[in-house]
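The values are calculated or read from the model by the stated rules, or taken from the named source; none is laboratory data. Keep in mind that this is a model prediction, so the values were computed, not measured. For neighbour counting, all protein chains shown are included, and Cβ atoms are generated from backbone atoms with ideal geometry for every residue, glycine included.
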Amino acid sequence: MSDTTYRLSAAECNRRRKLVREAIMKKGLDALLIWGGVGSDFSGVANIHYLTQWGGNGEEGFLIFPLDGEPYLINSHSSNYQNKCWYEYGCWIKPEDIHGRTGLEYMPSILEGLAQLKLTESRLGIPWLTSEDVPAHWSTNPFPYFIYMGIAEACPKAEMVDASGLIETIRAVKSAEEIVLLEKSHAIAEAAIETMVNFAKPGVCEHIVVAEMFRTMIAEGADLPMLFLWDTGKPLSGGGRLGWTKHRVLESKDIIFLELSPKVHHLSSHLNQTAVIHDLPDGLDKSYEAWKKSYRAGFSAVRPGLTTVELFDILREPIEAAGFSFKIGFHGTGHGNDGYTFPENKEQAVAPGGGIPFREGETIAFEPMAILPDGRGVRMGGTVLVTAQGARPLGKEPDLIIIA
């Protein structure tokens with residue numbers, strides 16, 4: 001079993017907060033008011049977690065992050081036990097800066113925090129402030145409207161402006177410490193795949209295989225919750241089922257599609273794996289060859305300055321040229337942090353202005369998919385880092401697995 005004690009340093013805390021404060025100053029703000037809801041896979045609290053190393057096991061709350069001074073956290077509970085767990089994990093926020101809400105109400109505690117930090121007449125940036133200008137797919141965690149109205153009424157001299165994407169844009173470029181954790185996540189996923197190969201045999205119930213894979217990931221240091229998609233059978237398109245059954249027995253020539261993102265300190269690499277038991281079903285070999293050409297073409301093209309739409313086109317061309325349907329080439333210009341995997345399709349990648357250029361230090365969940373007419377297909381990939389020299393995989397190069 002590998003070392004499972006992961007901590008981010010004080011230097012990493014200072015780096016993140018310095019970058020966010022520089023962005024606050026550039027936007028002419030005095031502070032950010034960040035809402036952290038549970039969201040999808042607890043992704044809603046990701047911006048708060050990024051700045052504090054607090055939250056992600058069902059917590060919700062608000063963070064006042066001033067241009068100067070310590071952050072002010074308002075959490076959803078008064079349980080010191082849960083806060084203690086976060087300090088054992090490596091929480092950066094001081095105990096005296098964590099405040100409970102008033103009964104079931106956040107509003108009194110938010111107003112008290114704004115008053116203590118002398119921000120009642122300030123310019124507040126609010127990530128995901130609901131407006132027509134914010135694309136809905138950018139956030140599953142819009143700022144609560146009644147909180148906005150409560151502040152406007154209680155602090156009429158305060159100005160609240162949209163700060164959507166401010167933190168996410170910073171989070172997208174990874175530090176050296178973050179890359180180490182993404183590599184650990186990748187290694188955990190690869191260990192789970194190795195476990196799958198060892199247990200996925202004809203006659204074995206699929207839930208037994210999944211249980212062994214989870215045992216491996218938890219033992220290697222993965223945090224919960226994590227993304228885990230599993231689909232088996234003939235035919236299948238990958239991701240057709242979100243989970244496993246307790247009764248299906250694996251058979252020869254079954255296709256197994258696996259998609260997983262083990263979480264390590266709220267950072268997760270993303271892997272897709274296609275495997276077959278014993279023999280390739282008819283036609284899958286051609287799908288595999290089309291996938292391989294797509295993956296290699298895209299991987300070779302990745303570099304700073306390449307746009308998202310250009311990468312989609314590079315990945316799509318070999319698959320469609322071979323007569324297959326193309327689905328999902330990649331997601332994330334900064335994959336790995338909860339809640340930020342934009343763009344997830346070509347329509348998003350095109351907007352705004354014909355594509356988003358990749359930056360050095362960003363990560364991509366790289367996963368072209370070639371689909372046969374009956375819905376079966378090959379979809380494989382891992383997480384790659386954009387470097388000045390091109391793409392660098394954070395783990396092993398993906399390949400089709402044939403389970404003997």
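Residues in the range 140-167 that are in contact (Cβ under 8 Å) with a residue 40 or more places away in the chain, touching a strand residue (DSSP E or B) at 6+ places or on another chain (Cβ under 8 Å) and part of a helix (DSSP H, G or I): I147, I151, L166, I167. Picking from residues in the range 312-325 that are within 17 Å of G355 (Cβ to Cβ) and in contact with a helix residue (DSSP H, G or I) (Cβ under 6 Å, 6 or more places away or on another chain), the one that is surrounded by the fewest Cβ atoms within 10 Å (Cβ to Cβ) is I314.
Every residue, every condition in (1) over 30 Å from A23 (Cα atoms); (2) at pLDDT 95 or above; (3) in contact with a helix residue (DSSP H, G or I) (Cβ under 8 Å, 6 or more places away or on another chain), yes or no:
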position	(1), (2), (3)
W128	no, no, yes
T140	no, no, yes
F143	no, no, no
D162	no, no, no
I167	no, no, yes
A176	no, yes, no
H186	yes, yes, no
I208	yes, yes, yes
P225	yes, no, yes
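Residues in the range 268-302 that are touching a Ser or Thr at 6+ places or on another chain (Cβ under 6 Å) and assigned to a strand (DSSP E or B) were compared, and the one that is nearest to D399 (Cα to Cα) is I277.
Residues in the range 114-130 that are touching a residue at least 12 places away in the same chain (Cβ under 8 Å) and not in a loop (DSSP other than H, G, I, E, B): L114, Q116, R123, L124, G125, I126. Looking only at residues of the range 374-395 that are modelled with pLDDT of 95 or more and over 18 Å from the mean Cα position of the chain (by Cα), we find that the one that is nearest to F299 (Cα to Cα) is A391.
Results for (1) at pLDDT 90 or above; (2) over 19 Å from L284 (Cα atoms); (3) touching a Gly at 6+ places or on another chain (Cβ under 9 Å), shown as yes or no for each residue.
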residue: N198; (1), (2), (3): yes, yes, no
residue: E220; (1), (2), (3): yes, yes, no
residue: W230; (1), (2), (3): yes, no, yes
residue: L242; (1), (2), (3): no, yes, no
residue: T245; (1), (2), (3): no, yes, no
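Being over 19 Å from the mean Cα position of the chain (by Cα) and among the acidic types (D, E) is a description that does not apply to D223.
Could you go through the range 357-373 and let me know if any residue there is at pLDDT below 85 and either touching a helix residue (DSSP H, G or I) at 6+ places or on another chain (Cβ under 9 Å) or among the aliphatic types (A, V, I, L, M) (or both). Before the answer, list the steps.
We begin by selecting, within the range 357-373, every residue at pLDDT below 85; these are 371-373.
Of the ones still in play, those that are also either touching a helix residue (DSSP H, G or I) at 6+ places or on another chain (Cβ under 9 Å) or among the aliphatic types (A, V, I, L, M) (or both) are 371-372.
Checked against the condition, which is being at pLDDT below 85 and either touching a helix residue (DSSP H, G or I) at 6+ places or on another chain (Cβ under 9 Å) or among the aliphatic types (A, V, I, L, M) (or both), the range 357-373 yields at least one hit.
Just one residue in the set A211, A200, A219 is buried (at least 19 other Cβ atoms within 10 Å of the Cβ) and of a type in the set (G, A, S); that residue is A200. Can you tell me which condition H265 does not meet? The list is (1) at positive phi; (2) surrounded by fewer than 17 Cβ atoms within 10 Å (Cβ to Cβ), and all the others hold. Here H265 meets the rest and fails (2). Screening the candidates S261, S185 for the property of being part of a strand (DSSP E or B) and farther than 30 Å from P66 by Cβ yields one hit, S261. Only one entry of K286, K234, K253, K327 meets the criterion of being within 23 Å of the chain's Cα centre (by Cα), farther than 30 Å from A219 by Cβ, at pLDDT below 95 and basic (K, R), and that entry is K327. Per the conditions (1) out of contact with any Lys or Arg (no Cβ under 9 Å at 6 or more places or on another chain); (2) crowded, with 18+ Cβ neighbours inside 10 Å, the sole criterion not satisfied by G243 is (2).
So which residues in the range 64-117 are among the hydrophobic types (A, V, I, L, M, F, W, C), more than 20 Å from G150 (Cα to Cα) and modelled with pLDDT of 85 or more, if there are any at all?
Of the residues in the range 64-117, the ones among the hydrophobic types (A, V, I, L, M, F, W, C) are 64-65, 67, 73-74, 85-86, 91-93, 98, 104, 107, 110-111, 114-115, 117.
This time we only want the ones that are more than 20 Å from G150 (Cα to Cα), so: 67, 85-86, 91-93, 98.
Answer for the range 64-117, where residues must be among the hydrophobic types (A, V, I, L, M, F, W, C), more than 20 Å from G150 (Cα to Cα) and modelled with pLDDT of 85 or more: L67, C91, W92, I93, I98.
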